[in-house]
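Before any comments, here is the structure.
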Amino acid sequence: MMAPAAAAVAGLQRPAPYQAMLFEGGPDVAFFNACHFVLLPYIAFCFHSVGAAFLARPMGIPLGALDLAIFRTLAGAGIVSILGVALGSIWLLTPWVTVPIFLGIIFLGSLRLEALPLRAAPVGPPLLRLVSTLLTVATITVLGYIVITKGLLLDVWCLDVPQHYYAYLNEVRYHHGIWMDPGKPMSWSFIAGHGNGVHIFLASFMSAYVGQLVSIIYFLLLALMGRQACVSVLNRAPTVMRRLGPPSALLLALASNALVMDFGKYHMQTATLLVGLGWGSLWLLSAEGVATRWLVRALAPLAVALPMSQAQYEAFACVTLAFVGTVTLCVRGWRLARVCVGI
């Protein structure tokens, strides 16, 4: 399982020329993009593996397999973000340090990988099966479009991305730390980027364009949270709605206006961490006993990573938790609502 990741990381150590990626193309660009494409699922698996090591399967809360995977991936992303900032603060963002960490996480995660339960063949009327299949095909098609147009093609439609975001991540790659070069300080880029640990950790051994791949993973997490919210809402709905509602919600989320965002920026990370904080906190409405402590542990990395990326985001997190805490107070009482205060 590690061989493709190791080969792709090695291939990225000789990046394609920027001009060729913009105007010329060629085999170097194709190989460079292929390495990014190979590493995309490994990045998501890295996040999940870290989260799985941090979060055991909870007791006292009705989490499905996909809900648990979302929790673990969000928590893992938060932990990797904290790790990236810590390494960058002491000038250790060098491939000699970050590549063994990345590949080691993948190796250990593969040892803990749980077998996915086999899904039974869909049953029901032929029309229902046909619509379900069409939704699956459409979702895969949209995902492929997103990976190509938002992940592999350079995000140069907004001048901020190449001037500030790519530039700062290149600074991180060359200086192996998050601090500004005294000879050429990039103050705006430093203020915006030095707390985004996931981006700087991965950029240290991949490329300055890795933020687009990270945004795809965050965008998929947002869409999956929307799908699972639909599952909860339609829990007692007729069979047709329960079968077609969640995949339709996933497809609509993936094809939404969020695609107009610049994936080379950090905004998708901010949105995902905020929504994940609110989505995770809402599980307090069905939590019992030790599950509340598990939720605090699951959401703590998000609560730390969010204001670390930008200090003002702490206000957004407080507003989100205050809203969820108010809802929890009205439904379950102060005993569970105070968990939001603790987070």
Check region 86-104 and report whether any residue there is touching a Cys at 6+ places or on another chain (Cβ under 9 Å), in a helix (DSSP H, G or I) and surrounded by 21 or more Cβ atoms within 10 Å (Cβ to Cβ).
yes
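So that you can scan it fast, the table gives a plain yes or no per residue for (1) touching a helix residue (DSSP H, G or I) at 6+ places or on another chain (Cβ under 8 Å); (2) under 20 Å from Phe102 (Cα atoms); (3) modelled with pLDDT of 75 or more:
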{"position": "Ala138", "(1), (2), (3)": "yes, no, yes"}
{"position": "Gly144", "(1), (2), (3)": "no, no, yes"}
{"position": "Leu159", "(1), (2), (3)": "no, no, yes"}
{"position": "Pro162", "(1), (2), (3)": "no, no, yes"}
{"position": "Phe190", "(1), (2), (3)": "yes, no, no"}
{"position": "Ala208", "(1), (2), (3)": "yes, yes, yes"}
I need the full set of residues from region 3-19 which are of a type outside the set (Val, Ile, Thr) and assigned to a helix (DSSP H, G or I), in order please.
Ala3, Pro4, Ala5, Ala6, Ala7, Ala8, Ala10, Gly11, Tyr18, Gln19
Condition (residue is in contact with a Leu (Cβ under 6 Å, 6 or more places away or on another chain) and of a type in the set (Lys, Arg)) applied to region 54-66: is it met by at least one residue?
no
So, in region 19-47, of the ones that are touching a residue at least 40 places away in the same chain (Cβ under 8 Å) and over 17 Å from Leu202 (Cβ atoms), which residue ends up most open to solvent (accessible area, probe 1.4 Å)?
Leu22
Region 171-188 - residue that is farther than 14 Å from Pro95 by Cα and open to solvent by 80 Å² or more (accessible area, probe 1.4 Å) and, of those, modelled with the highest pLDDT:
Trp179
From the option list Ser248, Ser256, single residue qualifying as over 25 Å from Tyr42 (Cα atoms), hydroxyl-bearing (Ser, Thr, Tyr) and modelled with pLDDT of 90 or more is Ser248
For region 229-277, which residues satisfy the criterion of being under 15 Å from the mean Cα position of the chain (by Cα) and more than 30 Å from Pro162 (Cβ to Cβ)?
Leu277
When Arg14 is run through (1) surrounded by fewer than 14 Cβ atoms within 10 Å (Cβ to Cβ); (2) without any contact (Cβ under 8 Å) to a residue 40 or more places away in the chain; (3) closer than 20 Å to Val147 by Cβ, the failure sits at (3)
In region 283-307, anything open to solvent by 10 Å² or more (accessible area, probe 1.4 Å) and either over 24 Å from Gly211 (Cα atoms) or in contact with a strand residue (DSSP E or B) (Cβ under 9 Å, 6 or more places away or on another chain) (or both) is listed as Trp283, Leu285, Ser286, Glu288, Gly289, Val290, Thr292, Arg293, Trp294, Val296, Arg297
Which of the residues that make up region 45-64 are in a helix (DSSP H, G or I) and touching a Ser or Thr at 6+ places or on another chain (Cβ under 7 Å)?
Phe47, His48, Gly51
May I ask you to verify whether Ile146 is surrounded by 17 or more Cβ atoms within 10 Å (Cβ to Cβ) and in a helix (DSSP H, G or I)?
yes
Filter result (assigned to a helix (DSSP H, G or I), more than 11 Å from Tyr168 (Cα to Cα) and either without any contact (Cβ under 8 Å) to a residue 40 or more places away in the chain or small (Gly, Ala, Ser) (or both)) within region 194-216:
Gly197, Gly211, Ser215
Result of the Cβ filter at 8 Å on region 120-140, keeping first residues that are part of a helix (DSSP H, G or I) and basic (Lys, Arg) and partners that are open to solvent by less than 90 Å² (accessible area, probe 1.4 Å) and modelled with pLDDT under 90, at least 6 apart or interchain, is Arg129/Pro122
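To keep it simple, each residue is scored yes or no on (1) modelled with pLDDT of 80 or more; (2) buried (at least 20 other Cβ atoms within 10 Å of the Cβ).
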position: Phe263; (1), (2): yes, yes
position: His267; (1), (2): yes, no
position: Ser281; (1), (2): yes, yes
position: Ser309; (1), (2): no, yes
position: Gln312; (1), (2): no, no
position: Phe316; (1), (2): no, no
position: Gly333; (1), (2): no, no
position: Cys340; (1), (2): no, yes
Might you let me know whether region 249-270 holds any residue that is more than 17 Å from Leu222 (Cβ to Cβ) and of a type outside the set (Gly, Ala, Ser)?
no
Please list, ordered by residue number, the helices (runs of 4 or more DSSP H) wholly in region 232-312 having 3 or more residues that are among the polar types (S, T, N, Q).
267-281
Scan of region 309-343 for residues that are within 27 Å of Lys265 (Cβ to Cβ) and either touching a helix residue (DSSP H, G or I) at 6+ places or on another chain (Cβ under 6 Å) or of a type in the set (S, T, N, Q) (or both), ordered by number
Ser309, Gln310, Gln312, Tyr313, Glu314, Phe316, Ala317, Thr320, Leu321, Val324, Ile343
Determine, yes or no, whether Met241 is crowded, with 20+ Cβ neighbours inside 10 Å and aliphatic (A, V, I, L, M).
no
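The values are calculated or read from the model by the stated rules, or taken from the named source; none is laboratory data. All values reported here derive from a predicted model rather than from experimental measurement. Neighbour counts are summed over all protein chains in view; Cβ atoms, including those assigned to glycine, are modelled from backbone coordinates with ideal geometry. Ligands, DNA and RNA are excluded from the accessible area calculation, which covers all protein heavy atoms including side chains. Shrake-Rupley method; radii C 1.70, N 1.55, O 1.52, S 1.80 Å.
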